[in-house]
Amino acid sequence: MYNMNLNTALYNYLMDPKNPLYNFTLGKVYEDIGHTAAAASFYIRTGEFATEFEDNELLTYEALLRLALCFEHQSSRVFTVKGTLLRAISLMPERPEAYFLLSRMHEMCKEWQESYTFAILGENLKEHEPKEKLITNVEYPGKYGFTFERAVTAWWIGLWDESLYLFRELDKNPDMKWNYITLVKNNLNNIGNNIFKEPILYYDLYYEHLKVKFPGAINIKQNYSQCYQDMFVLTMLNGKQNGKFLEIGCGRPFYGNNTALLEKEFKWTGISIDIDKNVIDEFSKVRSAKTICADATKLNYDEILEDENYDYLQLDCDPPIVTYNTLLKIPLESHKFAVITFEHDHYIDYHSEIRTKSRKYLESFGYELVVANIAPDNYNSFEDWYVHLDLVEKSIIEKMKNISDKSKRSDKFMFSRIC
Amino acid sequence: MNRNLCKKVIFEGGTTIPLLIDPKYSKGLGLMNPSIFIDNNTRILLNLRNINYTLYHCEGQQLFNNRWGPLSYIHPENDMHLRTFNFMCELDINSLEIKNYCLTDTSAFDKPPLWDFAGLEDARLVNWNNKLYQCGVRRDTTPNGIGRMELSEIVEKDFSELKENECKWKEVSRIRIDPPGSPTYCEKNWMPILDMPYHFVKWTNPTEIVKVNILTGTSQQVFLGKSHIEGVSDFRGGSQVINWKKYRICVLHEVKLFNNKLSQKDARYMHRFIIWDKDWNIIKISKPFSFMDGEIEFACGMTIYKKDLLITFGFQDNAAYLLRIPNHMIEEIIGLKDNV
């Protein structure tokens, strides 16, 4: 219908000038050829007559959306665009398109809080693809449009973690249109794709809030791990002294390190492996653990592992496929690890492959997932924590177990309440 | 009242033609109030007004007024002026569509506007003494918007003389016309009488004709009709006054201005044809009509072409059209057969 030329649309209109659809069609033809003022006239008439003569709310609603788009195209008519979209929302508050366009308009105006609010209102509607379709494309891309607006505006109102998380979720969405794909990738590049800031540290003043007050915890002044991994290991092993660890992807000796506390305060020993020579050189100078500088996927662990059982296995390489391939090299059939922290980096693993595969693999060797989807924030799940049922007390497992799909901020998880 | 003259005309073999220029020049904004003129029987010229606003007018039950009411000018929020630009166009002699056009170059006389309405508005085309004029109202020369009719002489340059980005049509003189008698606030819509150089029908009921002295920019009343038609709204100006058979005719408008319950302004326009004899006695007035069901329309151009009557009009300040009325309908359409 909208391929018709202007003369035909005008002729139809003149034959029945109060016909809402003829008004709408003429408006659309004008809009398509760039004459948005003329289009506006006929969209306003559409709205009036569709309501007055046909009680056709949907056509009125669509005419208001198109009218707003015309004014948006004319630029610098912000009040009118917003007013028109608000009128559209008031007419059909259950439909998503006007919320989206209004959120987008506020975003264009750098009115971040307003844009964020309308994005959330739209996101929470029951229907994002209403059964009653509009006649024309009003630039509403679907539910992900709200997520996109929310992601953009969350950043500007200081919700950086939420923004990053939403952009990552969008980046996994195979249904996005190309222009959104580009925008999402650009935004990810601009705001940085690294979820980790400073380690989330434990201090002794938090002791009272620990969910499980294991022996020796009261003496810990400060830990070192990125996300409480060391505190988790000690929790699951009831503050074990003289434990043994295999640390793959050890990183720096103290900063963000998962075994420094174990070694320093609980007299653990073990093996620390990293591919980075500088890291290993630094590590060797200040830590007691045996160090190996190598590609973890190429090591023969039967030769490296001196004991049958170990208390802790850390698997943390980059990218996550390397971590998984390393896991496959560990002789789990001949060696047991009481606690395992496995970094799957789900937040950037768009197909969830590593997380799914690693869970299946570890469970096949008798490991129980105790904490799923640990994160440095409320959004970016990057690690799973396991225990071997033969080596950890069941009562502690029961106290700590949480394998919901939701991302768990590590400090929130370890405490009975946030300090 | 006929609310859809175009439909009636189409049924009798006439046509309604959209008048368009490339939106990159108009920015997609209103093309309105075109004025048609046959230039020396050789070509069809048209002045097409382009404005920087979009008129928002709600009709019918007015359920979707915007925040300023049912009638408002949606101008750029960073520019409070309602600006007018005039494009000179040439129409194709067969299709009557615009075939070429350019913005009239007014740079020789432009000054920063002192009031919100900037530019020459609703300019009619007329050729007097071999000079082509745009004559319309300008309200930007005083801080309080005093409106005066102006005659802007325009000349056409040869394409070969044009520099890059130079306009083909250029304003070469500008005359601001003082009205006769006591000073008034706003003079507009004077209708140029094509066969009487520098004469306008200033008012129609009763008919008042003024003559302009282009050397002094003054005007004087040269005719005032005796008859006053009762029971009609003010007859405001419209097209040029043209000769047709033994008559002079024009199309003019009436407007009803009113406020809604929130004191927001609104308006409804109607048009009529007026027929005078050669002594300026009103012979007939047509019944009021609108062109294409709009409540705000405005015609300021009319001519005879190949015996047909051509009228150019704007729709809601946002679109422009040409209506071709076949010769056999003219008497009926202009009201010569009416008893009004």
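Values quoted throughout were computed directly from the atomic coordinates according to the rules given, and no laboratory measurement underlies them. It should be emphasised that the depicted structure is a prediction, and the values quoted were computed from it without experimental measurement. Cβ sites come from the backbone with ideal geometry, for glycine too, and all protein chains shown count toward neighbours.
Descending by average beta-carbon neighbour count within 10 Å, the peptides A:357-368, A:37-48 line up as A:37-48, A:357-368, the highest first.
Restricting attention to region A:204-414, close to 30% of DSSP beta bridges with both partner residues there are antiparallel.
Scoring A:332-340, A:303-311 by mean Cβ neighbours within 10 Å over their residues and listing the highest first yields A:332-340, A:303-311. On a 0 to 90 degree scale, rounded to 10, what angle separates helix A:97-108 from the longest Cα axis of chain A? That works out to roughly 70 degrees. Of the residues B:231, B:13, B:28, the one that moves most in a GNM of chain B with alpha-carbon contacts below 10 Å is B:231.
The Rg/Rh ratio of region B:167-296, with both radii computed over alpha carbons and Rh defined as the Kirkwood radius, is 1.01. Spin-label model, residue B:261/residue A:221: points 7 Å from Cα along the beta carbon direction are separated by 7.7 nm. Taken residue by residue and averaged, Cβ atoms of other chains lying within 10 Å of the Cβ of A:11-18 number 6.
Pairs from the list B:256/B:306; A:133/A:172; A:110/B:111; A:172/A:290; A:126/B:27 with a Cα-Cα gap above 29 Å: B:256/B:306; A:110/B:111; A:172/A:290; A:126/B:27.
Working note: 222 nm ellipticity from helices only, DSSP H runs with n ≥ 4, each -39,500 (n - 2.57), summed and divided by the residues of chain A, gives -14500 deg cm²/dmol to the nearest 500.
The Cα center of region A:388-419 and the Cα center of region A:229-243 differ in position by 13 Å. Between the DSSP loop rule and a limit of at most 15 other Cβ atoms within 10 Å, which trypsin sites (Lys or Arg not before Pro) in region B:169-208 are left? Here the trypsin sites (Lys or Arg not before Pro) that fit, given the DSSP loop and packing criteria, are B:188.
Tell me the relative contact order for chain A as a rounded percent, counting alpha carbon contacts under 8 Å between residues six or more apart.
Dividing the mean separation by the residue count of chain A yields 9 percent.
Among the GluC sites (Glu not before Pro) in region A:75-121, those placed in a DSSP loop whose Cβ has at most 14 other Cβ atoms within 10 Å are A:94. Our note on the geometry: Cα centres of region A:124-139 and region B:26-82, 33 Å apart. Between B:162, B:82, B:45, the Gaussian network model of chain B with springs among Cα atoms under 10 angstrom shows the greatest mean-square fluctuation at B:162.
Over chain B, the fraction of Cα-Cα pairs per 10 Å bin, rounded to whole percents and listed from the shortest bin up, is 5, 26, 36, 25, 7, 0.
Here the spin labels are modelled as points 7 Å beyond Cα on the Cα-Cβ line, and at residue A:173 and residue B:338 they lie 5.9 nm apart.
Gaussian network model of chain B, Cα springs within a sub-10 Å range: biggest mean-square fluctuation belongs to which of B:299, B:267, B:118? In this elastic network of chain B, the residue with the biggest mean-square fluctuation among B:299, B:267, B:118 is B:267.
Here's the picture: charge each Lys and Arg Cβ at +1 and each Asp and Glu Cβ at -1 in the protein assembly as shown, and of A:253, B:65, B:142 the one pushed furthest to the positive end of that dipole is B:142. Longest stretch of chain B clear of exposed loop sites (GluC sites (Glu not before Pro), DSSP loop, at most 15 other Cβ atoms within 10 Å, sites excluded): B:231-340. Pairs of Cα atoms nearer than 8 Å and 6+ residues apart set the relative contact order; for region B:5-334 it is 18 percent. Each helix, a run of at least 4 DSSP H residues, gives -39500 (n - 2.57); summed and divided by the residues of chain B, these come to -1000 deg cm²/dmol at 222 nm.
Using a simple spin-label model with pseudo-atoms 7 Å out from Cα toward Cβ, residue B:40 and residue A:403 lie 9.4 nm apart.
Averaged over the residues of A:26-36, the number of partner chain Cβ atoms lying within 10 Å of the residue Cβ comes to 4.
Within 10 Å of each residue's Cβ, count the other Cβ atoms and sort B:9, B:172 from fewest upward.
B:172, B:9
Note: relative contact order over region A:56-191, using C-alpha pairs below 8 Å and six or more positions apart, is 18 percent.
Within 10 Å of the Cβ of each residue in A:71-77, the mean number of Cβ atoms contributed by other protein chains is 5.
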